[in-house]
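The values are calculated or read from the model by the stated rules, or taken from the named source; none is laboratory data. Please read these numbers as outputs of a predicted model, since none were measured by experiment. Here the Cβ positions follow ideal geometry from the backbone for every residue, glycine too, while neighbour counts run over all protein chains shown. Areas reflect the complete protein model, heavy atoms only, side chains present, ligands, DNA and RNA absent. Shrake-Rupley method; radii C 1.70, N 1.55, O 1.52, S 1.80 Å.
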Amino acid sequence: MELLIATASAGVLMGGMTSAIVVASHSLNHQSTTTGQQAELADAIRQMQNDLRHATGFTEQTATAVTFTVPDRSGNDADETIRYAWSGTAGDPLTVEYNGGGTSVVADGVTALNLDCIEQLMLAAPPRAARGVQYEGFEEAKPSGKVYTISIPTPADTEELDLLIAAVTIHDDQVGSTSAPAGWTLLTEEAHSGNHVTLSLWWKLADLNEAAAHTFGWGDEKEAYGWMMRFSGHDFSDPINAFVTKQGKFDEPPCLSVTTTTGSEPLMLRVGAFHNDEITEDDTGLLSHTGITMDGVSKISGGAGYRYPSDPNPHSQYEFQLTKSEDYVTATIAIAPEE
């Protein structure tokens, strides 16, 4: 199973955990708010939970402000910096700032908040350079309106025999009608039983002169969101070592663990397709994962993230985070390393 012992060769870092936000949430004065304000505060707490539980280090920590780093979410191999802050004056908003950019309001009318208790020791992840399978980047496509096809650009710097995995999320049930260009192998084509969402996954090894884009299709005119991911360091003869899917309706769509047969550590890729766009853009919510994408259009959305089994905090399953309960189809893919 994916439940492996965490590698302990690295040092320790300070990390934010959900339990600290529970303390902070009790400091927010819910009783004096309207129902709408209570919902806004609940969303704010949840957003901080999602960000803080991925924290790998803190550079600022006071009762009213916290600045920390999280693993790369944009695919540029650089950590992201997030800062939550409140002025300390009752009624002022709680704000968030990403990578030193402009601030945005997370919640209005905050009357009290205490962030100086967020603290827990966590094992640092082993260096990526010491591992086999490497995530290299992705490209996406978001057609406007209903379409029959989607053209997804090939990720930049794709080289011969790189592993390409394409994910296409389609509104409604399109099982049996999806198609891909020659050379692609269908991994799964699954629709939620409620017929609101279809997840289609394909893979191939890149050609010497790979096409600049690839067009995927389906039977009916529907909204869709698609993206293509590039990996290196994989097993060329059998890169997909294990695979499992799950479907349901929930605001935390789970991804199951898989039993692998490779003798070396695989990369665990998790992909999800979700009805509507009840998501936090660019934030999968997957605990202990590096995010690849979380995006979509009005009727359909999707996300992906990856981790290594020996990273800290192993679980039997991991969950995407939505802002509302929706139909979903998720998949867990174990990518085998080159032996």
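Things worth noting here:
- Some residue of segment 277-286 being over 19 Å from residue 48 (Cα atoms) and hydrophobic (A, V, I, L, M, F, W, C): no
- Search result, residues across segment 108-140 that are modelled with pLDDT under 80, in contact with a strand residue (DSSP E or B) (Cβ under 8 Å, 6 or more places away or on another chain) and outside any loop (DSSP other than H, G, I, E, B): 121, 122, 123, 128
- Answer residue from segment 277-317, given it is open to solvent by less than 10 Å² (accessible area, probe 1.4 Å) and among the hydrophobic types (A, V, I, L, M, F, W, C) and is farthest from the chain's Cα centre (by Cα) among those: 300
- Among strands (runs of 3 or more DSSP E) entirely within segment 281-339, having at least 2 residues that are modelled with pLDDT of 95 or more and within 18 Å of residue 259 (Cα to Cα) singles out 326-335.
- Residue 74 meets all of the listed conditions (1) modelled with pLDDT of 50 or more; (2) within 19 Å of the chain's Cα centre (by Cα); (3) surrounded by 17 or more Cβ atoms within 10 Å (Cβ to Cβ) but one, namely (3).
Listed here are the residues, each with its yes/no results for (1) open to solvent by 60 Å² or more (accessible area, probe 1.4 Å); (2) in contact with a His (Cβ under 8 Å, 6 or more places away or on another chain); (3) farther than 12 Å from residue 331 by Cβ.
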{"residue": "161", "(1), (2), (3)": "yes, no, yes"}
{"residue": "172", "(1), (2), (3)": "no, yes, yes"}
{"residue": "184", "(1), (2), (3)": "no, yes, yes"}
{"residue": "187", "(1), (2), (3)": "no, no, no"}
{"residue": "196", "(1), (2), (3)": "yes, yes, yes"}
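Table: residues versus (1) out of contact with any strand residue (DSSP E or B) (no Cβ under 6 Å at 6 or more places or on another chain); (2) closer than 28 Å to residue 237 by Cα.
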| residue | (1), (2) |
| --- | --- |
| 264 | no, yes |
| 271 | no, yes |
| 276 | no, no |
| 284 | no, no |
| 291 | no, yes |
| 298 | yes, no |
| 302 | no, no |
| 310 | yes, yes |
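- Residues that are over 19 Å from residue 249 (Cα atoms) and in contact (Cβ under 8 Å) with a residue 40 or more places away in the chain, drawn from segment 290-306: 290, 291, 292, 293, 306
- Of residues in segment 57-66 being closer than 24 Å to residue 284 by Cβ and surrounded by fewer than 17 Cβ atoms within 10 Å (Cβ to Cβ), the one modelled with the lowest pLDDT: 57
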